[in-house]
């Protein structure tokens, strides 16, 4: 597995190092030791999957508040998404900046989202599935969100979302302070 930095502080992009033969390939998708070498301590507590029927489905921007902020490693196991992380950590040098990348079953890239960052995606294909390795359990009372099209972030989505649930569409605009 290769781990690369991104323009956002603490956000990492992973790529597979495939070992191929006549059967296909084998690759590591997560290694605690390799993440530790990259300065990340992610003890996995939960695994989630998101099934999305239609191209243009938007989920996010989601995060979990203190005292249990979530951290996650996101991959796309079927189809493709444009995956986005927004840095909401006021003390960060990349506060309110965003990073986006295509994750797909074909490119097999992954995105590590550190605590204090919001995460969301828009599907680029029908029948897309997203897999999450979580470093924190879900606490409904701490679930929060930021508006996907908030001018405070200026995210450049590659397609206009078609399906957005009511909660995600109703998040208030972010106030930079």
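The values are calculated or read from the model by the stated rules, or taken from the named source; none is laboratory data. Values in this document were obtained by computation on a predicted structure and should not be read as measured data. So basically every Cβ, Gly included, is an ideal-geometry build from the backbone, and we count neighbours across all protein chains shown.
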Unique match (being within 14 Å of the chain's Cα centre (by Cα) and surrounded by fewer than 19 Cβ atoms within 10 Å (Cβ to Cβ)) among 129, 91, 175: 129
Run down 141, 106 and say which single residue is in contact with a strand residue (DSSP E or B) (Cβ under 9 Å, 6 or more places away or on another chain) and either modelled with pLDDT of 95 or more or closer than 21 Å to residue 6 by Cβ (or both). 106
Test residue 24 against the stated conditions and say whether it is modelled with pLDDT of 95 or more and either over 21 Å from residue 144 (Cα atoms) or touching a strand residue (DSSP E or B) at 6+ places or on another chain (Cβ under 8 Å) (or both). no
Residue, farthest from residue 72 (Cα to Cα), within segment 28-39, restricted to residues that are assigned to a loop (DSSP other than H, G, I, E, B) and in contact with a strand residue (DSSP E or B) (Cβ under 8 Å, 6 or more places away or on another chain): 38
So which residues in segment 1-23 are surrounded by 17 or more Cβ atoms within 10 Å (Cβ to Cβ) and either in contact with a helix residue (DSSP H, G or I) (Cβ under 7 Å, 6 or more places away or on another chain) or under 14 Å from residue 73 (Cα atoms) (or both)? 3, 10, 11, 12, 13, 14, 16
Segment 2-27, residues that are closer than 17 Å to residue 105 by Cβ and in a loop (DSSP other than H, G, I, E, B): 16, 18, 27
Residue in segment 137-152 that is within 15 Å of the chain's Cα centre (by Cα), buried (at least 17 other Cβ atoms within 10 Å of the Cβ) and under 25 Å from residue 38 (Cβ atoms) present: no
Give segment 40-59 a look and list any residue that's modelled with pLDDT of 95 or more and either out of contact with any strand residue (DSSP E or B) (no Cβ under 7 Å at 6 or more places or on another chain) or closer than 16 Å to residue 117 by Cβ (or both), or say none. 53, 59
Scan segment 45-66 for residues that are outside any strand (DSSP E or B) and in contact with a helix residue (DSSP H, G or I) (Cβ under 8 Å, 6 or more places away or on another chain) and jot them down. 65, 66
Which numbered condition residue 118 fails, given (1) under 11 Å from the mean Cα position of the chain (by Cα); (2) free of Cβ contacts under 8 Å to residues at least 60 places away in the same chain; (3) surrounded by fewer than 23 Cβ atoms within 10 Å (Cβ to Cβ); (4) under 21 Å from residue 172 (Cβ atoms): (3)
Restricting to segment 68-94, name every residue that is part of a loop (DSSP other than H, G, I, E, B), farther than 25 Å from residue 126 by Cα and touching a residue at least 12 places away in the same chain (Cβ under 8 Å). 68, 69, 70, 71, 88, 89, 90, 92, 93, 94
Scope segment 60-69; condition crowded, with 21+ Cβ neighbours inside 10 Å and either over 15 Å from the mean Cα position of the chain (by Cα) or modelled with pLDDT of 95 or more (or both); matching residues: 61, 63, 64
